[in-house]
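FYI, it's all coordinate maths here, none of it is from the lab. Computed from a prediction, not measured in an experiment: that's the story for all the values here. All Cβ positions, glycine included, derive from the backbone under ideal geometry; neighbour counts span all protein chains shown.
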Amino acid sequence: MRLVRIGAACVSVRVGDFSGNAVRLRESIAAAREQGVHLLVTPELAISGYSLEDRVFWPGIASRSWETLESLANDCRGISVFLGLPVRLGGLMYNAAALVHDGDILGLVFKRHLPAYSVFYEGRNWNAWRDGVTNVHGVPAGNLVFRLPYGVVTAEICEDLWAAASPAQERVRAGAEIVCNLSASPFTPLKNEDRKRLVEGAANSMKAVYAYANLLGSDNSRLVFDGGGLVAAPGELVCQGPILDKRAWTLTSGVVDLDQVTRVRSENTTWRQDTAPGVPSAQTQVVEAASGNFLPAPLAELVSRFPRSFYQPTLASRTENRNPYLDELFDGLVLGLRDYFEKVGAFQRFLVALSGGRDSALCLLMAVEAAKALNGGREANRYAERVDTVYLPNRAFSSQGTETAARTLAQELGVPFSVVSIHEEAELAAQKAGELAGGAERLTALAKQNLQARVRGAMMLNWANCAGGLLLVTSNLSEAAVGYTTTGGDNEGGFSPIANVPKTLVSSLLEYIAQRDGIASLQQVLASPPSAELAPDQQDETDLMPYAVLDDLLYLYARRRLSLADCWRIIIHRHPGHTPEQLRLWTGDFGKRFAQNQWKRDQHPVSLKVMDLDLDPKTGFRFPVTQSVDYELDELAQADLMP
């Protein structure tokens, strides 16, 4: 992982105070280096002061700015810094962002869009740079991107971000992975919220990291600048600094994974079309850094920014006893199930095989709400006529506790419930399976477990034929990921409403609905650890691994496309209660199961897509059925921890 720490320094400066401005810039650069910042962005025209107005025409402004830049370069050993200054070229003045890397001035990026509205009169004093590259003081200047030891960076200046045609778009097409914006954006109340939306939008649309640094304080007595540094990556606000701070400068920094930018770009067809050979890049030039080493930022800091759950956001604005995310998720699942039932037009009722476990309980809750919503909800009081449930025990393994939980839930929800034993059928199936295998002693433990699920599946399908029922498959996303399902058994049916919901989120939904709707019987369901009850004292998390670990691995591997080794390095930080070696074993087991069970996922019934992460090949996940991940397993076995 290319873990790069990016900083944004918001600095209070004064027009024409080159020595004073340099002192504050030096302090912020030194602090950034001490924090391990690789790339620092500072405000627009921070060397000279922004509000130069007609002062920009005075002799010495440009020359003193360049002299100050050269002196600041000596303070940039071991760090890359964008510094803003005025530059004179052929008698014309340009607003520039200079990149200093490891003490060398690599080049200048010029401002393209000059605002001349509201408080701005930049067209009076400055010239807009259009296209191409020139030379200033012996370094390239114009449309530039810079290839540094850790990645490709570029800049744009203030108004360029607000313009309809941002120059960064061209520079990103030329390879830039990080865009730095040197800004002098005056304060008005809540304006920083607009800036955040722009910065996040730019990161998302350009599939790049976007770093933004604003001036702080008043630099010529009239305008106030509120600071507020920002760093965003695609889909994420990495960090934000304070606004209206009383200090002379503030520094905020965050760690980004540039390899994630590469992955996002490689998967996005729109991005690839825009950057394909033949698409013009406005004569942007790449400048290569001649020196510098790259020591990645600490992985722990990147991991610390991850949400507690990859599947459920932490909501700061949730109202008392309500969670809008879980409300919407459940309502979306119910709507999809109701519409499938009605629009296919072949079913009379919902059928659910209750096991006393969490997945079937959630499916029943959905079926009840979908039944109430049929025909626009006009017959909601007759919902029980549209839902039927059954518990299919094998007395060798099924417990009284799960039967009680299933019965109590059906009764509390007011739907029919029956018990039909599969004990005799399972014994007969085992006998016949032994005959096929050449003797009962040759039956594997897995075969003995699966034949029970297949007996249940066949019975439910036959019941669906007789009842005109839509048989709900109760498998979840976590089980599908590792093949913890039985082909011809629990993955057989008419519709799979929670196939896109991971197990940890299933549990969260049940806990929430139990509290929200006061469904007391769900507590019995939640009290028992997940179990398929196909073997003595069987528990899912003993067969597999803790679902919290499994679901993290699923997200990191299938959604973020990380290697198994990097997945392991991350879950070490997220699950410190387990040893690194135990987590390594679980990661390897996950990788093998995930790769080996695509053939099962290809056969899964119709399901709903409600999450960004989706394993259904019919809705976007194209994963080879036959493949090897041995090279990843070898890498995992030899992997060391990252600092």
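Where the centroid of each part is defined by its Cα atoms, how far is region 33-48 from region 92-107 in Å?
Answer, in whole Å: 12.
Evaluate the distance, in nm, between pseudo-label points positioned 7 Å from the Cα of residue 461 and of residue 283 along their respective Cα→Cβ axes.
6.8 nm
So what's the angle, to the nearest 10 degrees on a 0 to 90 scale, between helix 564-574 and the longest Cα principal axis of the chain?
90 degrees
Counting other beta carbons within 10 Å of each residue's own, what order do 159, 328 fall into, fewest first? It would help to have the intermediate numbers written out before the result.
On the way: 159 24, 328 11.
Ordered by Cβ neighbours within 10 Å, fewest first: 328, 159.
Note the direction-averaged projected area, equal to a quarter of the hull surface, for the Cα convex hull of the chain, in nm².
With every direction weighted equally, the projected area is 33.4 nm².
For labels at residue 441 and residue 165 in the simple 7 Å Cα→Cβ model, what's the distance in nm?
The two pseudo-label positions are separated by 8.3 nm.
Treating only the Cβ of Lys, Arg, Asp and Glu as charged (+1, +1, -1, -1), what charge dipole size does region 324-638 show about its Cα centre? Round to the nearest 20 debye. Numbers along the way, then the final one.
Details: 30 positive and 40 negative charges, 108 e Å.
The calculated dipole for region 324-638 is roughly 520 debye.
Which of 309, 266 has the fewest other C-beta atoms within 10 Å, and how do the rest follow up to the most? Mind dumping the intermediate values first?
Values: 309 16, 266 11.
With the fewest neighbours first, 309, 266 line up as 266, 309.
Please list, or write none, the lysines whose alpha carbon is within less than 25 Å of the alpha carbon of residue 609, excluding same-chain residues fewer than 8 places away.
207, 343, 372, 503, 592, 600, 618
Which longest run of the chain has no exposed loop site in it, a site being chymotrypsin sites (Phe, Trp or Tyr not before Pro) in a DSSP loop with at most 13 other beta carbons within 10 Å, and the site itself not part of the run?
Details: sites that count: 117, 294.
Looking at the chain, 295-643 is the longest stretch - no exposed chymotrypsin sites (Phe, Trp or Tyr not before Pro) with at most 13 other Cβ atoms within 10 Å.
Dipole size in debye (nearest 20) for the chain around its Cα centre, Lys and Arg Cβ +1, Asp and Glu Cβ -1?
Details: 62 positive and 73 negative charges, 232 e Å.
Magnitude of the dipole: close to 1120 debye.
What are the lysines whose alpha-carbon lies under 25 Å from the alpha-carbon of residue 246, with same-chain residues fewer than 8 places away excluded?
The reachable lysines, counting only those whose Cα sits under 25 Å from residue 246, are 191, 196.
With a cut-off of at most 12 other beta carbons within 10 Å, and DSSP calling the residue loop, which trypsin sites (Lys or Arg not before Pro) in region 606-643 qualify? Please list them. If you can, show how the numbers build up before the last one.
Details: sites: 609, 618, 622; in loops: 609, 622.
Sites meeting the loop and neighbour criteria: 622.
What are the trypsin sites (Lys or Arg not before Pro) within region 155-243 that DSSP puts in a loop, where the Cβ has at most 11 other Cβ atoms within 10 Å? Intermediate values should be presented prior to the final figure.
Values: sites: 171, 173, 191, 195, 196, 197, 207, 222; in loops: 207, 222.
Answer in residue order: 222.
Highest mean first, what order results for 578-585, 352-359 on Cβ atoms within 10 Å? Display every interim value, and only then the final one.
Working: 578-585: 15.4, 352-359: 25.0.
Order by mean packing, descending: 352-359, 578-585.
Whole Å is fine, so just give me how far the alpha carbon centre of region 177-250 lies from that of region 459-490.
51 Å
For 272, 456, which order do you get if you count the other beta carbons within 10 Å of each Cβ and list the fewest first?
Values: 272 11, 456 24.
Starting with the residue having the fewest Cβ neighbours, the order is 272, 456.
Alpha carbon centre of region 534-565 versus region 597-632: separation in Å?
16 Å
Round to the nearest 10 and give me the degree value, 0 to 90, for the angle of helix 445-467's Cα axis relative to the longest principal axis of the chain.
For helix 445-467, the angle is close to 80 degrees.
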